[in-house]
């Protein structure tokens, strides 16, 4: 099958190693689990993912399982290690897609009978219908992303403009220094930072959670090769302003609510790639860029008529801006001043 020899610990460079526990994911998520009891571990992980077998490779091995868990809409982020060499047989995942990014140690995968060993620097994608078996070394630690199948495939259908006949058949491997790997890691770090901020001042706003969920799904769909890649790249029909007008009016009316691409496809009545083409032709921006500009306008309105407790950070997060640095750049580009300058002018600062 694959090697169950324990490898020396290996760690990817700090800029590519999102140490979720170290940045306080357990406190943010409110989901922390530690156990050395095999049945307890198997039950807990089974509830997070699916029923599976869990066996120690060495008879005298002892589990030291540590899990921190955070959900972002239909995408769950988990930082986990077993602390002992283990073999896992999950069978078909059925209800979810899985991305596994080793941060330390070694892992082996068997995907539908095809075997491979991997560790830091290389990540994997598992489809719902491909039987999965795994080996984790005792020093193996992974960042795992679980994509709910129903929500993800609804997103895919909105993008391709037709119902799927089966699950998306992804290529099973990618490098963490690839475009997908680097962007996924950066986005996960942003999710943790925003969730941590929200945990200090309240729940993460629904707008922000929906945006982060859509971003994580879009990265996987558009950056990892799969059986629909060629179809997504096909040319689309010429522009028709009617769907653009409907979507623009919808965005103006619902900018304060969570909005995903499937919502816009339903409003437009055309496939997502057609809608993107029409928006570019008519307005010169994508639908989500227009939504960003509308929300920037709403933030400016808040800052221009502030209450006593109004501050830039909360106003930005209330309108779905998870990266304050990029928000400030976009705000200045649109309005010719910083958000703090807008707020300070109203307060006579």
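The values are calculated or read from the model by the stated rules, or taken from the named source; none is laboratory data. Note that the coordinates shown come from a computational prediction; the quantities given were computed from them, not determined experimentally. Virtual Cβ from ideal backbone geometry, glycine too; neighbours counted across all protein chains shown.
Out of (1) modelled with pLDDT under 90; (2) within 28 Å of residue 96 (Cα to Cα); (3) out of contact with any helix residue (DSSP H, G or I) (no Cβ under 6 Å at 6 or more places or on another chain), what's the single condition that is false for residue 180?
If we test residue 180 against (1) modelled with pLDDT under 90; (2) within 28 Å of residue 96 (Cα to Cα); (3) out of contact with any helix residue (DSSP H, G or I) (no Cβ under 6 Å at 6 or more places or on another chain), just (3) comes out false.
Restricting attention to helices (runs of 4 or more DSSP H) lying wholly within segment 220-291, give those where 3 or more residues are over 28 Å from residue 176 (Cβ atoms). Steps first, please.
Working: elements: 229-232, 241-254, 261-268, 272-282.
Here the list reads 241-254, 261-268, 272-282.
Is it true that some residue in segment 212-229 is modelled with pLDDT under 85 and buried (at least 16 other Cβ atoms within 10 Å of the Cβ)? Lay out the reasoning, then the answer.
Filtering segment 212-229 down to residues modelled with pLDDT under 85 leaves 212.
Keeping just the survivors that are buried (at least 16 other Cβ atoms within 10 Å of the Cβ) gives 212.
The answer is yes; a qualifying residue exists.
Just to verify a result, which residue in segment 139-161, among those that are in contact with a strand residue (DSSP E or B) (Cβ under 8 Å, 6 or more places away or on another chain) and in a loop (DSSP other than H, G, I, E, B), is surrounded by the most Cβ atoms within 10 Å (Cβ to Cβ)? Quick ask: steps written out before the conclusion?
So in segment 139-161, the residues in contact with a strand residue (DSSP E or B) (Cβ under 8 Å, 6 or more places away or on another chain) come out as 139-149, 152.
Then keep just the ones that are in a loop (DSSP other than H, G, I, E, B); that gives 139-140.
Details: 139: 20, 140: 28.
Step by step, filter segment 139-161, then rank; the result is 140.
Which is under 23 Å from residue 175 (Cβ atoms) and either modelled with pLDDT under 95 or in a strand (DSSP E or B) (or both), of 98, 54, 70?
Numbers: 54 fails: under 23 Å from residue 175 (Cβ atoms); 70 fails: under 23 Å from residue 175 (Cβ atoms).
Checking each option against the conditions leaves just 98.
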